[in-house]
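Q: Mind looking over this structure? Questions follow.
Taken together, the values in this text are just the output of simple stated rules run on the coordinates, not laboratory data. Everything numeric here is computed off the predicted structure, so don't read it as measured data. Note: ideal-geometry Cβ built from the backbone for every residue, glycine included; neighbour counts use all protein chains shown.
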Amino acid sequence: MLPRLMVWDWNGTLLDDAALGCAILNEMLGRRGLATISMERYREVFRFPIEEYYRECGFCFEQEPYDDLAKEYWVLYQQQVTTAPLVRGAQQTLGALQALGLSHTILSASEQGHLQQTVRARGLAPYFEDIIGLRGIHAKSKLEAAKVWMQSHGLCGEQLLLVGDTTHDVETAHALGCQALLVDWGHCSHARLAATGVPVCSSMAELFAMCWEIMKQEG
């Protein structure tokens, strides 16, 4: 069975917000007198659950609970997210893949209401059958949300092709039993993504070409 439904990550995959994420992290580190990090370092340490990379960056949860840090990041992100552009070619690629007969859904670790609002504000909501986020702001894992959604729609992993920018997207795809494609312009470095063994794309044009090759397998 070939995949007919593309499941897209949002942050870093369709929304180009990795630089914003790094800038906010550095603002929070600076407020506490902690050393800031480069974009290159950010893309090496970023991972889920978020607590793990926060601790690696120097935050001390014994002195300041992660919940407080998550709320602080959330406020700063909401204030600045409008400055983050869509990834170049995102809208055109969504339309071109629809023309191949593929449907689209978003699966994100972002809070559900904010996610829906942001997608609509960017004019992309009409491309998606479902927009799936999490109930809270702590960005732990999107796997359980994905399982609930699949069960409610009677879907199996073989019907899905997951696209994301982090190693967590690979973990999610493996747990769901679906194929995955990765993009290297987001929150994780190309080297980290390539080490997973999953194909890695460096442009939307390359992503479209890979999807086209997958679809041609039907013949």
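Q: Does segment 181-202 contain any residue that is among the small types (G, A, S), surrounded by fewer than 17 Cβ atoms within 10 Å (Cβ to Cβ) and touching a Ser or Thr at 6+ places or on another chain (Cβ under 8 Å)?
A: Looking through segment 181-202, none of the residues is among the small types (G, A, S), surrounded by fewer than 17 Cβ atoms within 10 Å (Cβ to Cβ) and touching a Ser or Thr at 6+ places or on another chain (Cβ under 8 Å).
Q: Can you tell me which residue is farthest from T167 (Cα to Cα) among those in segment 1-53 that are in a loop (DSSP other than H, G, I, E, B) and among the aromatic types (F, W, Y)?
A: First pass over segment 1-53, keeping only residues in a loop (DSSP other than H, G, I, E, B): 1-4, 9-10, 12-14, 16-17, 32-38, 46-49.
Restricting the remaining residues to those that are among the aromatic types (F, W, Y) gives 10, 46, 48.
Working: W10: 14, F46: 9, F48: 8 Å.
So, considering only residues that are in a loop (DSSP other than H, G, I, E, B) and among the aromatic types (F, W, Y), the one farthest from T167 (Cα to Cα) is W10.
Q: Going by what's in this entry, would R88 be described as over 20 Å from E52 (Cβ atoms), out of contact with any Pro (no Cβ under 6 Å at 6 or more places or on another chain) and outside any helix (DSSP H, G or I)?
A: So R88 fits the description; yes.
Q: Here is a further query. Tell me whether segment 177-198 contains one or more residues that are within 22 Å of K142 (Cβ to Cβ) and charged (D, E, K, R).
A: Yes, segment 177-198 contains a residue that is within 22 Å of K142 (Cβ to Cβ) and charged (D, E, K, R).
Q: When segment 1-59 is examined, which residues are found to be without any contact (Cβ under 8 Å) to a residue 60 or more places away in the chain and at positive phi?
A: G33, G58 - these are the residues of segment 1-59 that are without any contact (Cβ under 8 Å) to a residue 60 or more places away in the chain and at positive phi.
Q: State all residues of segment 154-179 that are in contact with a Pro (Cβ under 8 Å, 6 or more places away or on another chain) and in a strand (DSSP E or B); if no residue qualifies, say none.
A: Scanning segment 154-179 gives L160, L161, Q179.
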